[in-house]
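*Asks:* Input: one structure, supplied below.
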Amino acid sequence: MKDLGVVRRLHQPAIAGSFHTLVVQPTTFCNLNCTYCYLQERGQRRLMSQAVATACAGSIAAQGSSYPVDVVWHGGEPTTTPIERFRELLMPFEDLRRAGSMRHEIQTNATLLDSRWCDLFAEYEFDVGVSIDGPGLNNVNRLDWAGTRTFDRTMRGVDALVRSGLSFTAICVVTPESVEHVDELAEFFTNLAGCVSVGFNLEEQEGGNRPPMSEEAAYRFWRRLVQRRLDGSPLRVRDLDRLADYIGAGRDGSPGHAPYEPIPTVSCEGDTVLLSPELLGVRSADYGDFIAGNVLQTSIPEMLADAGSLRYVAEFIDALNGCADTCGFFDYCKGAQAGNRYFEHGTLTATETNYCRTTRQALVRAAADQFHPEEKGR
């Protein structure tokens, strides 16, 4: 067993030894074939067994958290799972849910939602996230396997949620084609019935996809969103809210650093990666398959306790220390995500990534420049 190490400059743990979020994969299959998707097995139809779901629930119970763990049902497309099979997968979590020890979330493309799914979400108190990239042509990358656009099907699913009285959050992938359409995107989500907030994911380099987002375009995107908020826009934006929470915590005298949060991600067979959901299913000549263990044999708390012995985790901790030593944005961002480090650089030893520059640094600079325009560029 090897501990998870510390951020030397702060003398605090580099990676938390417990988890707040658990991503579970009920199926590998997705009914869409989005051009920017990184999931390598999305064309295969494999389903999670109830034994794996039971082991996941057991890992939450073994952790004994003082806080509820968010169990996120995610990709492939969870609702391609037969609904009765999906309901069976929820059963092992039910005692924990009723005790307030966990809560369900789902991220869906919404194309298959109907009253049955909405009734299930209501019964088990799901937080629902819908993946939609804005209006019309902003969704040109969201295609089915026949190459057909899917926007209308997603909107029918959104309508089903609204008719059932369910609200949702949205995730919008912002591509090089849509990054200049910030007002169009913001107006769409402001007026989208049932949508309570939106997170903007600037397109990332994952699995050998398209060229990286321009840092300059990202800066303009975030600056316009900040300006809209200052002008009174009612749109809740996840990314702006997180920055505001960070600033507020600093003003309250709260600690400026918290350990990097591991995001254990469990495949439908029970294989588990620890740091980043994007590493599930990836194979590397240097790192192998990134799998820390299988929940059918080893609990996630046990995997985390031994995580420091994994080469990719140890290298990631060293890289976090590099970020802490050299990057002025570290206290806010806590270090680039493990998946971005690997997909952009082929190694976990890398520090700064394009993801850092476009999603963290550009946002902070844009907000600072709005409040202190006289210091822009300093």
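Every residue, every condition in (1) of a type outside the set (S, T, N, Q); (2) closer than 15 Å to GLU94 by Cα; (3) part of a helix (DSSP H, G or I), yes or no:
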site	(1), (2), (3)
CYS30	yes, no, no
THR35	no, no, no
ARG42	yes, no, no
ARG45	yes, no, no
THR54	no, yes, yes
ALA57	yes, yes, yes
ALA62	yes, no, yes
SER65	no, no, no
VAL71	yes, yes, no
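*Asks:* A further question on this structure: List the number of the failed condition for ILE106; all other conditions in (1) touching a Pro at 6+ places or on another chain (Cβ under 6 Å); (2) surrounded by fewer than 21 Cβ atoms within 10 Å (Cβ to Cβ) hold.
*Replies:* (2)
*Asks:* Something else now. Within the range 329-340, can one find any residue that is of a type in the set (D, E, K, R), modelled with pLDDT under 90 and within 24 Å of GLU203 (Cα to Cα)? Walk me through how you get there before you give the answer.
*Replies:* Filtering the range 329-340 for residues of a type in the set (D, E, K, R) gives 331, 334.
Filter once more, so that each one left must be modelled with pLDDT under 90: 331, 334.
Subsequent filtering for residues that are within 24 Å of GLU203 (Cα to Cα) retains 331, 334.
Taking every residue of the range 329-340 in turn, at least one turns out to be of a type in the set (D, E, K, R), modelled with pLDDT under 90 and within 24 Å of GLU203 (Cα to Cα).
*Asks:* So, one more: Just to verify a result, which residue in the range 73-97, among those that are assigned to a helix (DSSP H, G or I) and among the hydroxyl-bearing types (Ser, Thr, Tyr), is farthest from the chain's Cα centre (by Cα)?
*Replies:* Ranking the candidates gives THR80 first.
*Asks:* Confirm whether THR27 is surrounded by 19 or more Cβ atoms within 10 Å (Cβ to Cβ), of a type outside the set (A, V, I, L, M, F, W, C) and out of contact with any Pro (no Cβ under 6 Å at 6 or more places or on another chain).
*Replies:* On the way: surrounded by 19 or more Cβ atoms within 10 Å (Cβ to Cβ): yes; of a type outside the set (A, V, I, L, M, F, W, C): yes; out of contact with any Pro (no Cβ under 6 Å at 6 or more places or on another chain): yes.
In short, yes.
*Asks:* Say whether the condition of being farther than 20 Å from TRP73 by Cα and part of a helix (DSSP H, G or I) is met by at least one residue in the range 116-137.
*Replies:* Scanning the range 116-137, I find at least one residue that is farther than 20 Å from TRP73 by Cα and part of a helix (DSSP H, G or I), so the answer is yes.
*Asks:* Tell me, yes or no, whether the range 6-21 has at least one residue that is buried (at least 20 other Cβ atoms within 10 Å of the Cβ), of a type in the set (Val, Ile, Thr) and either touching a His at 6+ places or on another chain (Cβ under 6 Å) or at pLDDT 90 or above (or both).
*Replies:* Initially, the range 6-21 is screened for residues buried (at least 20 other Cβ atoms within 10 Å of the Cβ), giving 7, 14-15, 19.
If we keep only those that are of a type in the set (Val, Ile, Thr) as well, we get 7, 15.
From what is left, the residues that are either touching a His at 6+ places or on another chain (Cβ under 6 Å) or at pLDDT 90 or above (or both) are none.
Scanning the range 6-21, I find no residue that is buried (at least 20 other Cβ atoms within 10 Å of the Cβ), of a type in the set (Val, Ile, Thr) and either touching a His at 6+ places or on another chain (Cβ under 6 Å) or at pLDDT 90 or above (or both), so the answer is no.
*Asks:* Report yes if THR265 is surrounded by 22 or more Cβ atoms within 10 Å (Cβ to Cβ) and either at pLDDT below 85 or more than 14 Å from the chain's Cα centre (by Cα) (or both), otherwise no.
*Replies:* Numbers: surrounded by 22 or more Cβ atoms within 10 Å (Cβ to Cβ): yes; either at pLDDT below 85 or more than 14 Å from the chain's Cα centre (by Cα) (or both): no.
Here the answer is no, as THR265 does not meet what is asked.
*Asks:* Shifting gears a bit: Can you pull out the residues in the range 13-37 that are among the aliphatic types (A, V, I, L, M) and more than 26 Å from PRO82 (Cα to Cα)?
*Replies:* ALA14, ILE15, ALA16, listed by residue number.
*Asks:* Then there's this: Evaluate the following for GLY281: is it within 27 Å of VAL52 (Cβ to Cβ) and modelled with pLDDT under 90? Steps first, please.
*Replies:* Numbers: within 27 Å of VAL52 (Cβ to Cβ): yes; modelled with pLDDT under 90: yes.
Criteria met by GLY281.
*Asks:* Would you mind finding the one in LEU304, LEU280 that is touching an Asp or Glu at 6+ places or on another chain (Cβ under 8 Å), closer than 27 Å to GLN40 by Cα and either surrounded by fewer than 20 Cβ atoms within 10 Å (Cβ to Cβ) or touching a residue at least 24 places away in the same chain (Cβ under 8 Å) (or both)? Outline the logic, then answer.
*Replies:* Details: LEU304 fails: touching an Asp or Glu at 6+ places or on another chain (Cβ under 8 Å).
Residue meeting the stated conditions: LEU280.
*Asks:* Can you tell me which of CYS327, CYS333 is surrounded by fewer than 23 Cβ atoms within 10 Å (Cβ to Cβ) and more than 21 Å from the chain's Cα centre (by Cα)?
*Replies:* Details: CYS333 fails: more than 21 Å from the chain's Cα centre (by Cα).
From the options CYS327, CYS333, the qualifying one is CYS327.
*Asks:* Can you pull out every residue in the range 30-69 that is surrounded by fewer than 19 Cβ atoms within 10 Å (Cβ to Cβ), of a type in the set (Val, Ile, Thr) and without any contact (Cβ under 8 Å) to a residue 60 or more places away in the chain?
*Replies:* If the condition is that a residue be surrounded by fewer than 19 Cβ atoms within 10 Å (Cβ to Cβ), of a type in the set (Val, Ile, Thr) and without any contact (Cβ under 8 Å) to a residue 60 or more places away in the chain, then THR54 is the only one that fits.
The values are calculated or read from the model by the stated rules, or taken from the named source; none is laboratory data. It should be emphasised that the depicted structure is a prediction, and the values quoted were computed from it without experimental measurement. Cβ atoms come from the backbone with ideal geometry, glycine included; neighbour counts cover every protein chain shown.
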